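Before any comments, here is the structure.
The values are calculated or read from the model by the stated rules, or taken from the named source; none is laboratory data. Keep in mind that what you see is a predicted model, and the values were worked out from it rather than measured. Glycine gets a Cβ as well: all are built from the backbone with ideal geometry, and neighbour counts include every protein chain shown.
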C-alpha cells in the first residue's frame, strides 16, 4: 500500500537557514509514515490569487485558472493528507511568498460549501529570532483560522525561536522530540 503524502510549503529565501533546519527535523520524522514532497516557494514562479472565482464551480479539484508553477502544487495539496506550512516570521506574518501561496488555497473552497481541505491535517513550522510572541502567534492564529474555515485540523506548531543559526535549531533536542510527537499524533 502506498504511503499517504505530506506536502511541505517552504517559504524561506534561505535554502539552508533556520526554517530549513526545522523542516528537516519534521521531514525526517514524517518520512517514516508519509511520502514527503517539499515545494520551495521562493524558487517558484507564481502569483497570488486573482480572485476571479473561476475555480468555485468545479468541485472535482482546485480548478485554479492561473497557469503557473504553483498550479500543480494545488493538486498535490488537494490529494495530500498532511500540509506543512513552513516560514520565517517576517514583520509579524509569514513570508511574502507564503502569503501568496496561502491565498491560492482560495480555490479549495467551492461555491457549494465543499472544502477540498476538509479533514486534512495542517502543521506549522515557524522560525523567529525573538520569542513566540514576536509575531509567530499571529502566524499560528492565521493558520488556525484557515483550518477552521476549510474544515481541516490544525495539529500544532514546531516553533524554532531564539535560534541564531541552523546549528542552534539542530541542537535543540526538544524540537526533534516535538517533530516525532506530531507524527505519532497524526
- prompt: Is there a residue in the stretch 97-115 that is over 25 Å from residue 52 (Cβ atoms) and not in a strand (DSSP E or B)?
  reply: no
- line: In the stretch 156-175, residues that are touching a strand residue (DSSP E or B) at 6+ places or on another chain (Cβ under 9 Å) and either assigned to a loop (DSSP other than H, G, I, E, B) or at pLDDT below 90 (or both) total 3
query: residue 32: modelled with pLDDT under 95 and either loosely packed, with under 14 Cβ neighbours inside 10 Å or on the phi > 0 side of the Ramachandran plot (or both), yes or no?
result: yes
query: Residues in the stretch 128-150: is at least one touching a helix residue (DSSP H, G or I) at 6+ places or on another chain (Cβ under 6 Å) and either within 26 Å of residue 33 (Cα to Cα) or crowded, with 18+ Cβ neighbours inside 10 Å (or both)?
result: yes
Yes/no for residue 63 being crowded, with 16+ Cβ neighbours inside 10 Å, outside any loop (DSSP other than H, G, I, E, B) and out of contact with any strand residue (DSSP E or B) (no Cβ under 9 Å at 6 or more places or on another chain): no
- line: Taking the stretch 110-122 and keeping residues under 27 Å from residue 183 (Cα atoms) and crowded, with 16+ Cβ neighbours inside 10 Å leaves 115, 116, 117, 120, 121, 122
- prompt: Does residue 49 satisfy the condition of being within 22 Å of residue 147 (Cα to Cα) and buried (at least 21 other Cβ atoms within 10 Å of the Cβ)?
  reply: no
